1. So, of the residues in the stretch 218-237 that are crowded, with 21+ Cβ neighbours inside 10 Å and β-branched (V, I, T), which turns out to be modelled with the lowest pLDDT?
2. Mind checking which residues of the stretch 75-109 are without any contact (Cβ under 8 Å) to a residue 24 or more places away in the chain and surrounded by fewer than 18 Cβ atoms within 10 Å (Cβ to Cβ)?
3. As an exercise: evaluate A484 against (1) out of contact with any Asp or Glu (no Cβ under 8 Å at 6 or more places or on another chain); (2) at pLDDT 70 or above; (3) not in a helix (DSSP H, G or I) and give the number of the one condition it does not meet.
4. Could you list, ordered by first residue, the pairs with Cβ atoms under 6 Å in which the first is in the stretch 367-381 and assigned by TED's automatic domain parsing to the domain that holds F462 and within 12 Å of A355 (Cα to Cα) and the second is hydrophobic (A, V, I, L, M, F, W, C) and crowded, with 21+ Cβ neighbours inside 10 Å, at least 6 apart or interchain?
5. Among the residues that make up the stretch 64-86, is at least one of them touching a strand residue (DSSP E or B) at 6+ places or on another chain (Cβ under 7 Å) and assigned to a helix (DSSP H, G or I)?
6. Tell me yes or no: at least one residue of the stretch 288-310 is in the same structural domain as N413 (by TED's automatic domain parsing), crowded, with 23+ Cβ neighbours inside 10 Å and either in a loop (DSSP other than H, G, I, E, B) or of a type in the set (K, R) (or both).
7. If F462 satisfies all but one of (1) crowded, with 21+ Cβ neighbours inside 10 Å; (2) touching an Asp or Glu at 6+ places or on another chain (Cβ under 9 Å); (3) at pLDDT 80 or above, what's the number of the condition it fails?
8. Have a look at S312, S251, S298 and point out the one that is of a type in the set (S, T, Y) and free of Cβ contacts under 8 Å to residues at least 12 places away in the same chain.
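The values are calculated or read from the model by the stated rules, or taken from the named source; none is laboratory data. All figures in this text were calculated on a predicted structure; none of them were measured in a lab. For neighbour counting, all protein chains shown are included, and Cβ atoms are generated from backbone atoms with ideal geometry for every residue, glycine included.
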Amino acid sequence: MARPAASDAPAVQQHPVLSTGDIRSILIGILLAMLLGALDQTIIATALPTMGRELGDVDDMPWVVTAYLLAATAVTPLYGKFSDIHGRRVALLIAIVTFVAGSVACALAPSMLVLILARGLQGLGGGGLISLGQTIIADMLPPRERARYQVWIASVFMSSSLAGPVLGGFFAEHLHWSMIFWINLPLGIAAYLIAGRALKRLPRNDRPHRLDLTGAVLMAGATVTVMLGLSWGGVRMPWSAPPVLGIFAASAALWLLFAVRVAMAEEPLIPVAILKNGVVLTGTAAACFGMGTFIGLSIYLPIYFEVGLGLSSSASGLAVLPLMICTVVGATIGGRAMSALKHYKRVPIAGMTVAVAATVSLALGAATMPLWMVCAISGLIGAGLGTLLPVTTVAIQNAVEMHHIGTATGVMNFFRQLGGALIVAAFGAVVLADTGAGALAGRHGEGAGAAGLSSGELMAAFPHVFAAAAAGFVLAFAFLLAMAERPLRGRGEAPPPLAD
């Protein structure tokens, strides 16, 4: 089936000329929506033990996290495509309503089973909040002006990383665990009202296309099965166990069917033009390995601090702050440099060089380093990685036509989340292989336990974990080098061709 010709699109697609007040109103609305999704991934971690005890089911407690991640990861690309067809405002409002409805169901859950199901509903909404926020910024501003606003998104993630565990622990200890879900109600209402009103000012770049429901079901099924395999492998049963191998085989079959569907469908869920776009492919891969490795470090560094160095939970939280804060600093530098420099890749290339070198130094000497040095090096890692994130996001959005921005952004965020799950599982496998431990109570995307592992065992395993992290950053660096450096478009400039 022939693809639509480039002439089907307007020769020039205009970004709206918005006042500072309009931009601020839209940003407040979408950042509130993004905060809902980001905060929910961190606030629940410290409340999980209390929830398990009060609901009388500690064994199934990890599914409270897994159910959300399965649903959110599976629907992320669907929101992107849906918004390309029906508009960002409608898609974001649906995501907010679904997320808030799931939050209320979680708060009222009388049993662990109901809570797990409600978390799945919540994830169906949460999967669109962050990706759609990035897409709306792309609608609002041309690439040349857009990069500097990526730091706002990074600030949301930093705020949620800092405030989430504290709020979750406070609510669980002093009020009730259900408050971690009730807090989403006023935030969600505010986000709905502000975003719903502000987004009316945005133009519509969507087209009267159809959503490929068959492709959506295949991709969702493939995602859910691979995430289940990553959740169970090395945690509930060995990686070589027949159920785990069967799940991965089923996922591989579904991915194959999805690839066939993309090749044969008249209007596939992910357009062939996007899959053939070299900037989208290399930029997504760089973001996948970079962000995935960062997620892995953010999970395993606290374990290193607590079990390896003997810090308390609160002290461990403080020790990981340099990684979080410096990532935002790096994103600020990368975003501003992208707006000002013609060769905008030079800053993230330098940043990723620093990140790789710093991670290698941890692999070689973390066992003998004092705490302050480990914290300082983790800050360098965060600053270096941070420069990569806004550059890959804006470069990907700059490489596609306006009516494909939602799909491209959704695909990028999908693989960032999936990359995080894969790399967290890989880190866990490294620890298990080095220590011979029977299980690692992992919680993909939010935390991991180290049941049964002594301080000495962890200290022996972590040089290999840091070496694996260095390898992840090297792959991100390689894909960044391979990503073409296209000039950033300004207002009124024609979109790029459909394929690279």
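1. Among residues in the stretch 218-237 that are crowded, with 21+ Cβ neighbours inside 10 Å and β-branched (V, I, T), the one modelled with the lowest pLDDT is V235.
2. V90
3. Among (1) out of contact with any Asp or Glu (no Cβ under 8 Å at 6 or more places or on another chain); (2) at pLDDT 70 or above; (3) not in a helix (DSSP H, G or I), the lone unmet condition for A484 is (1).
4. I377/A358; I377/L362; S378/L323; G379/C326; L380/A358; I381/A355; I381/A358
5. Kept after step one, since they are touching a strand residue (DSSP E or B) at 6+ places or on another chain (Cβ under 7 Å), are these residues of the stretch 64-86: 65.
If we keep only those that are assigned to a helix (DSSP H, G or I) too, we end up with 65.
Within the stretch 64-86, one or more residues are touching a strand residue (DSSP E or B) at 6+ places or on another chain (Cβ under 7 Å) and assigned to a helix (DSSP H, G or I).
6. Within the stretch 288-310, not a single residue is in the same structural domain as N413 (by TED's automatic domain parsing), crowded, with 23+ Cβ neighbours inside 10 Å and either in a loop (DSSP other than H, G, I, E, B) or of a type in the set (K, R) (or both).
7. (3)
8. Values: S251 fails: free of Cβ contacts under 8 Å to residues at least 12 places away in the same chain; S298 fails: free of Cβ contacts under 8 Å to residues at least 12 places away in the same chain.
Step by step, each of S312, S251, S298 is checked, and only S312 is of a type in the set (S, T, Y) and free of Cβ contacts under 8 Å to residues at least 12 places away in the same chain.
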